[in-house]
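Student: Let me begin by handing over the structure; questions about it come next.
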Ligand SMILES: Nc1ncnc2c1ncn2[C@@H]1O[C@H](COP(=O)(O)OP(=O)(O)OP(=O)(O)O)[C@@H](O)[C@H]1O
Ligand SMILES: [Mg+2]
């Protein structure tokens, strides 16, 4: 019990440090950005026609003149009290913007996460079982090509094939353009989420498949598989390989959360999908400090939650941890 | 009587690709010959790295992928091809592997011994073999990491005798066991042999081999240097090769020579 508490306490301290580090990095990057928020958001022409007082007020609103340290500490103090500020671009509280965007992205991210994990694991097992032979070479070849292709380029390719040439799927957005919110059907939403989801899944699956394959090969070369063969056991894949690939598969699956979220930023941009990723891009380019910081913290939280879930699952799946904890 | 196992001029070679993609052939076992009769314990004695484990795995056609094997292996008078070996493994031929790494770390001991079979007969048999080697029934529910080195070794031996094999290939089965457990296991090998099985007992310990084996094959750098009845190693007479004479002189009881 003491051991579990210590473990949890350590994790929490690490999470706090991680969030601090991530928010500071995001802030510094944004501060170093050469984009002037006034010029990007209001435009050169509009600014030219404004009085100096108006401009001063706008500069105040976008926080251009305050020293960096003061702005960061101010944000940090507010955030610690639970106040994440108001988005400068959307003029609504940051948690509200994030909540709405996340609910758009949620199914996209979840589908991509589940599909990439399942597909990657399946292909990796298949390639490993056939190592050195045709199916292995084919799967490995495809995965290498896909994983060395940038996700946004893959997105453009799919867009070209399915939306421009075949015209079977929409070019972008999460709902049909101009449709009233309550008239949108689930089928329409799915159709719009299909291409971005597919892009993210394929990109994620390639890496998982390659890693899984290596693990499968290691297990097949292990002493215990040799002994299982020596005893005439059948179903080696199911009995020994799956069991021993389970732990690394869990690690890969939860580590891929960060890649899926990272990938979604560019993919949502390509498909004009109004999700969290797209909001992150707008916030970054538009100098919307509170929103960008909010998104950074929220995604870091998701990633951290994923790692924590992986650790907890480890405790259930791995007998060495499970039984060790029961004894101590 | 036809030997249960006869190995004739067995060679095992590893192919390695070294710098510049040049292929390098590394012979690890060279023209090795030996026979095991039914009812006989034949010991193979060799130092570490002599190729003893390779010999054991080679007989079962379970060599690593980069190894090539040549020579003749006869089982019960007929060639032991890869296909035939696949059928016989775990039925008539049993391997007792060298270490704990041969147990699946993620699977309970009982399930491994029973090979996943859950019927009552297998369960009873599993309990019987465990108790034969002084292991409590409770061990069935443990994972390999919860076993001591000696317990794991006894589990490996229990795996091999789950079904009544006609040929047992034991790869260094006794290190890590106390003298009593080791003696019990060796006497069990004699028992199995008396019931008609052939036992190929692989060890680096000549003294131990003398106590249990009918016949001893001395093996060095992948080659047979001497094949003699174990009585020859009692008296030292009839040993022709200098290496086996040196081994014999190194036996504790011959200290004074
Ligand atoms: N997969 C492999 N690739 C290359 N060489 C190998 C491989 N496996 C074994 N060898 C070589 O073959 C030789 C014999 O190995 P083997 O495991 O049979 O020794 P051993 O007699 O069983 O030794 P020990 O008493 O230490 O178990 C060694 O020199 C080893 O380097
Ligand atoms: Mg060995």
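Please treat every number below as a calculation from the coordinates, not as lab data. Remember, predicted model here, so these are calculated numbers, not experimental data. Heads up, the Cβs are rebuilt from the backbone with ideal geometry, glycines too, and the neighbour counts pull from every protein chain shown.
Student: What ranking of B:153, A:71 emerges when the number of other C-beta atoms within 10 Å of each C-beta is taken as an exposure proxy, fewest first?
Tutor: The order, fewest Cβ neighbours first, is A:71, B:153.
Student: For q values of 0.15, 0.20, 0.21 Å⁻¹, compute log₁₀ I(q)/I(0) with the Debye formula on a Cα-only model of the stretch B:74-149, without solvent.
Tutor: -0.64, -0.96, -1.01
Student: For the residues A:113, A:165, A:62, what sequence is obtained by ranking on other C-beta atoms within 10 Å, fewest first?
Tutor: A:165, A:62, A:113
Student: From largest to smallest, what semi-axes in whole angstrom does chain B give when each is the square root of 5 times an eigenvalue of its alpha carbon gyration tensor?
Tutor: Three semi-axes, in Å: 29, 24, 18.
Student: Measuring from label point to label point, each 7 Å out along Cα→Cβ, what is the residue B:194 to residue A:66 span in nm?
Tutor: Here the answer is 9.3 nm between the modelled labels.
Student: I would also like to ask the following. Please report the orientation-averaged projected area of the stretch A:1-131, defined via the convex hull of its C-alpha atoms, in nm².
Tutor: Hull-based average projected area comes out at 14.6 nm².
Student: Another one. Just the Kirkwood number for the stretch B:161-257, please: inverse of mean 1/r across all distinct Cα pairs, in Å, one decimal.
Tutor: 14.4 Å
Student: Can you give me the P(r) profile for the stretch A:224-328? Cα pairs, bins 10 angstrom wide beginning at 0, each as a whole percent.
Tutor: The percentages, shortest bin first, are 13, 28, 23, 17, 13, 6, 1.
Student: Given that compact globular proteins tend to follow 2.2 N^0.38 Å, what is the ratio of the alpha-carbon Rg of the stretch B:1-146 to that value?
Tutor: So the stretch B:1-146 has a normalised radius of gyration of 1.27.
Student: Okay, moving on. Report the antiparallel proportion of the DSSP beta bridges in the protein assembly as shown as a percent, rounded to a multiple of 5.
Tutor: In the protein assembly as shown, approximately 55 percent of DSSP beta bridges are antiparallel ones.
Student: With r defined as the distance between the Cβ atoms of residue B:47 and residue B:231 and R0 fixed at 22 Å, what FRET efficiency is calculated, to the nearest 0.05?
Tutor: 0.45
Student: Relative contact order for chain A: what percent, with Cα pairs under 8 Å and sequence separation of 6 or more?
Tutor: Dividing the mean separation by the residue count of chain A yields 27 percent.
Student: Give me the inter-chain shielding for A:313-324: mean count of other chain Cβ atoms within 10 Å, whole number please.
Tutor: 2
Student: How fast does the stretch B:53-105 diffuse by Stokes-Einstein, in µm²/s, taking the Kirkwood radius from C-alpha pairs at 4 °C and 1.567 mPa s?
Tutor: Value of D from the Cα-based Kirkwood radius: 106 µm²/s.
Student: How large are Rg and Dmax for the stretch A:206-270 when calculated on the C-alpha trace, in angstrom?
Tutor: My reading of the Cα-based Rg and Dmax gives 16.3, 56 Å.
Student: Rg/Rh for chain A to two decimals, with Rh computed the Kirkwood way over all alpha-carbon pairs.
Tutor: 1.05
Student: Mind sorting A:226, A:308 by how few other Cβ atoms lie within 10 Å of their own Cβ, fewest first?
Tutor: A:308, A:226
Student: In Å, what Rg and Dmax follow from the Cα atoms of the stretch B:202-257?
Tutor: 10.3, 31
Student: Want the number for residue B:179 to residue B:86: 0.36 nm per residue separation, take away the alpha-carbon distance, what's left?
Tutor: 30.0 nm
Student: If you don't mind, another one. Report the label-to-label distance for residue A:32 and residue A:19 in nanometres (one decimal), using points 7 Å from each Cα along the Cα→Cβ vector.
Tutor: Distance between the two pseudo-spin positions: 2.5 nm.
Student: Continuing with this model, one more query. First measure r as the distance between the Cβ atoms of residue A:320 and residue B:128, then evaluate 1/(1 + (r/R0)^6) with R0 = 45 Å and state the FRET efficiency to the nearest 0.05.
Tutor: Efficiency at R0 = 45 Å is approximately 0.95.
Student: What percent of all Cα-Cα pairs in the protein assembly as shown falls in each 20 Å bin, counting up from 0?
Tutor: Taking all Cα pairs of the protein assembly as shown, the binned fractions are 16, 35, 25, 17, 6, 1 percent.
Student: Translational diffusion coefficient of the stretch B:1-87 at 20 °C, 1.002 mPa s, Stokes-Einstein with Kirkwood Rh over Cα pairs, in µm²/s as a whole number.
Tutor: Taking Rh from Cα pairs, D becomes 153 µm²/s.
Student: Give the Cα extents of the stretch B:105-163 along the principal axes, in whole Å, largest first.
Tutor: Extents along the principal axes: 28, 23, 18 Å.
Student: Another question about this same structure. Evaluate the Debye formula for the stretch A:168-232 with equal point scatterers sitting on the alpha carbons, no solvent, and hand back log10 of I(q)/I(0) at q = 0.14, 0.15, 0.19, 0.27 Å⁻¹, in q order, two decimals.
Tutor: -0.61, -0.64, -0.79, -1.06
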